[in-house]
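Below is one structure, written out as structure tokens; comments come after it.
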């Protein structure tokens, strides 16, 4: 088990390093001069040069890279060019909102996916099954930047139940969470259905039925735990998709999270912040994937020893 | 309603809209302020937007953008991904391991995040979207083609071809990839749907097609701003987008069942 954990952690660190290298190189291709954006076109040449020196932008790319990674290993991811504050402070401020939204999105997804997946599998081939899978296909096909405005139109504008956007008002979490959770619910319910259908044909399910257990108990206690493993993996893998989707959802609802920070930073050419946001989101994704891998190995010993 | 015939109808409608849009006399960017937010009428079946531009014309141009972007992205990412995956898997050893590592790094990234980063770096514009989405898209094809070649390369007919002195290129293209056409068709169908959503998403964020040109994504963004006064502005492009993506996903599902492709 120790070797297994070590391998996974090392692989994850390697991926995070490659991602940050890739991002660093990408960001330095940005056409356009951040100094000009910050000071405006009318700034004096001497002022521009001074700022360039202060930010280290006059150095060759590889030199900036060495400095960047040197600082990165000490936990310093740079200063925002626009806010004149450490990027890590900005990320810390925004992270709770993104976590809250992601968590609420997962809760929404599970609340829809588990009943839908079970109903579809138990009533395979019936109208319920077709309805649930049709809904799932619809959920996958609705981009969140359209579903969001649509929900606002119905629940905020017409019914007035929830606020249109923002973070402070009570109930402001509901619509962003629904927007973010629907696509994930669609993917998870399909997986749960497929996984349950496989398990339902196993001998132990027949035994459980034969000894007279209620079908409710058979599904919940005997089928569901065995069908949960692939769904759990998918949940871990989907978290990256969820966080990517959160970037758009946060923009739709003016939700003050990391995604909105990134989009604003792109507009302001504040590339240390863009870098920090991408690094943060992809690191979280990699870590969650690693934990999913480990949980899988822990729950199913066959994986560990393979 | 969710039948295969419905899906084919929507996809064919989308393609013909995209192709015919070039031949029709459209005025998607003509500003006509007296018509601001005007309701539908005979000359413009979907009404007008915040600058009095006809929404139907803009919708058609949006269809054209989504069609060409997805055609280019899928052609590029499929040819690169399939060939890379196939050669790495056939050669095995170091080449294969390097490819697997690269694929791992790309998969660690949420795809849309990489596309956003690339689009931000390259600046807005249709060519840059095509590039950004191809960089994201080849990975799926590479993984699929690697898996296909790995499962086929020990077959007897491949050995026979090698004994007969066929070149590596010929073995890979004629004896391995030709047998894997079905899964690639399915993957490409889902791929087109994903590219359409991504293009619209990037344009929604202001990183894709730039004003005054129309894209379904930028139309949704403009519409969301005027939702209270003119809900038709956000409903029309969104409905078009969701219908086409739904139809393509449905088609992919049906094709997978029909062609009996096992893995996704």
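Structure summary
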{"quantity": "Single unsatisfied condition, residue B:101 versus (1) at pLDDT below 90; (2) within 14 Å of chain A (Cβ to nearest Cβ); (3) over 20 Å from residue B:83 (Cβ atoms)", "calculated": "(3)"}
{"quantity": "Breaking point among (1) crowded, with 23+ Cβ neighbours inside 10 Å; (2) more than 27 Å from residue B:58 (Cα to Cα); (3) within 15 Å of the chain's Cα centre (by Cα), for residue B:185", "calculated": "(1)"}
{"quantity": "Hits in the stretch A:62-87 (condition: surrounded by 13 or more Cβ atoms within 10 Å (Cβ to Cβ) and out of contact with any strand residue (DSSP E or B) (no Cβ under 9 Å at 6 or more places or on another chain))", "calculated": "A:64, A:65, A:67, A:68, A:69, A:72, A:81, A:82, A:83"}
{"quantity": "Test result for residue A:219, surrounded by 20 or more Cβ atoms within 10 Å (Cβ to Cβ), closer than 30 Å to residue A:79 by Cβ and either within 14 Å of another protein chain (Cβ to nearest Cβ) or in contact (Cβ under 8 Å) with a residue 40 or more places away in the chain (or both)", "calculated": "no"}
{"quantity": "Residue count for the stretch B:19-41, restricted to those that are in a helix (DSSP H, G or I) and either under 20 Å from residue B:216 (Cα atoms) or modelled with pLDDT of 80 or more (or both)", "calculated": "2"}
{"quantity": "Selection count where residues are in a loop (DSSP other than H, G, I, E, B) and within 30 Å of residue A:216 (Cα to Cα), scope the stretch A:82-131", "calculated": "4"}
{"quantity": "Residue A:243 being within 13 Å of chain B (Cβ to nearest Cβ), in a helix (DSSP H, G or I), within 15 Å of the chain's Cα centre (by Cα) and farther than 25 Å from residue A:92 by Cα", "calculated": "no"}
{"quantity": "Count - residues of the stretch B:109-134 that are modelled with pLDDT under 90, surrounded by fewer than 23 Cβ atoms within 10 Å (Cβ to Cβ) and in a helix (DSSP H, G or I)", "calculated": "7"}
{"quantity": "Checklist (1) buried (at least 22 other Cβ atoms within 10 Å of the Cβ); (2) over 21 Å from residue B:90 (Cβ atoms); (3) touching a residue at least 40 places away in the same chain (Cβ under 8 Å) applied to residue B:190, failing item", "calculated": "(1)"}
{"quantity": "So residue A:61, is it under 20 Å from residue A:271 (Cβ atoms) and within 14 Å of chain B (Cβ to nearest Cβ)", "calculated": "yes"}
{"quantity": "Residue satisfying condition, being free of Cβ contacts under 8 Å to residues at least 12 places away in the same chain and assigned to a helix (DSSP H, G or I), within set B:222, B:257", "calculated": "B:257"}
{"quantity": "Residues of the stretch A:254-273 satisfying the condition of being under 15 Å from residue A:72 (Cβ atoms) and either modelled with pLDDT of 85 or more or under 15 Å from the mean Cα position of the chain (by Cα) (or both)", "calculated": "A:273"}
{"quantity": "Test result for residue A:189, at pLDDT 90 or above, crowded, with 17+ Cβ neighbours inside 10 Å, out of contact with any strand residue (DSSP E or B) (no Cβ under 8 Å at 6 or more places or on another chain) and over 21 Å from residue B:204 (Cα atoms)", "calculated": "yes"}
{"quantity": "Long-range neighbours under 7 Å by Cβ, at least six apart or interchain, first residue without any contact (Cβ under 8 Å) to a residue 24 or more places away in the chain within the stretch A:267-290, second crowded, with 22+ Cβ neighbours inside 10 Å and outside any helix (DSSP H, G or I)", "calculated": "none"}
{"quantity": "Candidates B:95, B:18, B:63 - the one that is loosely packed, with under 15 Cβ neighbours inside 10 Å, closer than 27 Å to residue B:137 by Cβ and either away from every other protein chain (no Cβ under 14 Å) or more than 22 Å from the chain's Cα centre (by Cα) (or both)", "calculated": "B:95"}
{"quantity": "Candidates B:16, B:3, B:79 - the one that is under 30 Å from residue A:238 (Cβ atoms) and at pLDDT 85 or above", "calculated": "B:79"}
{"quantity": "Positions within the stretch A:252-270 being surrounded by fewer than 24 Cβ atoms within 10 Å (Cβ to Cβ) and either touching a strand residue (DSSP E or B) at 6+ places or on another chain (Cβ under 9 Å) or part of a helix (DSSP H, G or I) (or both), in sequence order", "calculated": "A:260, A:263, A:264, A:266, A:267"}
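Yes or no, residue by residue, for (1) modelled with pLDDT under 85; (2) at negative phi; (3) facing chain A (nearest Cβ under 7 Å):
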{"position": "B:199", "(1), (2), (3)": "no, yes, no"}
{"position": "B:203", "(1), (2), (3)": "no, yes, no"}
{"position": "B:213", "(1), (2), (3)": "yes, yes, no"}
{"position": "B:218", "(1), (2), (3)": "no, yes, no"}
{"position": "B:221", "(1), (2), (3)": "no, yes, no"}
{"position": "B:230", "(1), (2), (3)": "yes, yes, no"}
{"position": "B:241", "(1), (2), (3)": "no, yes, yes"}
{"position": "B:247", "(1), (2), (3)": "no, yes, no"}
{"position": "B:260", "(1), (2), (3)": "yes, no, no"}
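The values are calculated or read from the model by the stated rules, or taken from the named source; none is laboratory data. Predicted model, so just to flag it, every value in this text is computed and none were measured. Note: ideal-geometry Cβ built from the backbone for every residue, glycine included; neighbour counts use all protein chains shown.
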